[in-house]
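These notes are about the structure you will find just below.
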Amino acid sequence: MRVLHAGPLFRHLAPDQWSRARAGAVGSLTTVADPGFPFRAAFEPIYAASKSALNAVTLSMMIETETTGIKVNLVSPGFARSALTNFEGTDTVEDAAREIVRVARLGPDGPGGTFTLWPGVDVPW
């Protein structure tokens, strides 16, 4: 069963850029596999695995739309103080929005297929 078919949903956006916010690098299997990653112990089969699944869905969308001019990028807003984190985050909501806004403003000549956190730091898939 196909969970998400991005093509029809995003074709009207070309050549604009579509960004998807994501809450941290815990979903990066490459990052979590590194014994030196400080949040490695946080990887567990529910929350962290769902982050990896989100990466996979986003990657699927990138592949599906790569010939259409639609650019799909993944952004980690970090650990923001919000209702989602019970206001225990280390960053303000404004701080969390910086990378989302930066990537959303890249425009039609900007890169696609990226996974970043502020300030434009690449996160491995």
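Would a scan of the stretch 55-73 turn up a residue that is of a type in the set (A, V, I, L, M), under 10 Å from the mean Cα position of the chain (by Cα) and over 20 Å from VAL32 (Cβ atoms)? Yes - at least one qualifying residue is present in the stretch 55-73. Of the listed requirements (1) at positive phi; (2) in contact with a strand residue (DSSP E or B) (Cβ under 8 Å, 6 or more places away or on another chain); (3) not hydrophobic (A, V, I, L, M, F, W, C), THR116 misses just one: (1).
Check the stretch 92-99 and report whether any residue there is of a type in the set (S, T, N, Q) and surrounded by 14 or more Cβ atoms within 10 Å (Cβ to Cβ). No, every residue in the stretch 92-99 fails to be of a type in the set (S, T, N, Q) and surrounded by 14 or more Cβ atoms within 10 Å (Cβ to Cβ). Within the stretch 80-91, the set of residues being of a type outside the set (D, E, K, R) and surrounded by 17 or more Cβ atoms within 10 Å (Cβ to Cβ) comprises ALA80, GLY89.
Here LEU84 qualifies as touching a residue at least 60 places away in the same chain (Cβ under 8 Å) and not aromatic (Phe, Trp, Tyr).
Each residue in the stretch 73-122 was checked for being out of contact with any helix residue (DSSP H, G or I) (no Cβ under 9 Å at 6 or more places or on another chain) and aromatic (Phe, Trp, Tyr), and 1 of them qualify.
Read the figures in this text as sums done on the coordinates, not as results from a lab. All values reported here derive from a predicted model rather than from experimental measurement. Using ideal geometry, Cβ is built from the backbone for each residue, glycine included, and neighbour counts are taken over all protein chains shown.
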